[in-house]
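Okay, structure first, notes after.
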Amino acid sequence: MKFLFNTQWNTTSPIIKFNLNTLRERESMLEAQLYIYWPVSNDSRIYKQSAVLRLYQIENIKEASNETELLQNPDVHKLSNVIYVSKALKGWQTFKITKAINNWLNGESNMGLLLTTSLYEGNELIEIFNDTNNGIYSTFVAISLEDQDSSRNTITLSQHNQAEAACRKTTWNVSLKQLGWDNFIITPSNFQASDCSGNCAQVDITAINYVKLLQITKKRRSYCVPSGYTFLPIMYYDRYNNVVLKKYKNIIATSCGCR
């Protein structure tokens, strides 16, 4: 599972866009879900009214010379998803955008997404969503991935060639459903956790100077441990049944080194 956040957040542009360069070639996408906190205010025209949310994959319109012209008629773009809301209230809305992500990964220009709100009766366009959400309400996409390099094979190889294998990162899948946490965690349902294993060379030229000193003087041996971490966003129901998004720091190891 990988999480990407809207790069156009808190700008004057209503375009929702994600940087897909962080997806590796050996990773195969299974599913992509977009999470948007819909900030419906009590004085909004759609408050407690029936409404329609339409998510568009923006296409490059040749006639459009600027962003304003590009977005003035949302219906010219590729309709990605539609949600019907019987009573409009603030809260999280979820859109499946697997096809849009696949389109971009397969060569289509990543122009981003556009979210519109219309009244159900008469289909009157009320607004185009402009993302100013931040913190626990940040707009993000959760992408389920399958690593073509099987983590099971990686771990087995490491154990089989323990004497030769250098310090490196290994991964395994953590299923929150198997842990019995799926009754309160909304997303992710699983994620790729990381560990560090392997041997540290007698004098590792890639190690920091402190470790080199320990290796040369034989003060103590160095060990393969995580040298970098990243956070894991988790969306869940709290004790009051509110939907909460929290970024848990230093859960996933991103790199390994001899320390």
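Computed quantities for the displayed model
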| item | result |
| --- | --- |
| Spin-label proximity, Val82 to the stretch 99-120 - amide N less than 14 Å from point 7 Å beyond Cα toward beta carbon | 116-120 |
| Amide hydrogen neighbours beyond the local backbone of Ile97, cut-off 5 Å, H modeled | Ala32, Gln33, Leu34 |
| Size descriptor, Kirkwood hydrodynamic radius, that averages inverse alpha-carbon separations across the stretch 2-143, Å | 15.8 |
| In sequence order, calculated HN-Hα J values of the stretch 30-38 (Karplus, 6.51, -1.76, 1.60; Hz; x Gly/Pro) | 9, 7, 9, 10, 9, 10, 10, 7, 8 |
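No lab work stands behind these numbers, since they all come straight from the coordinates. Predicted model, so just to flag it, every value in this text is computed and none were measured. Heads up, the Cβs are rebuilt from the backbone with ideal geometry, glycines too, and the neighbour counts pull from every protein chain shown.
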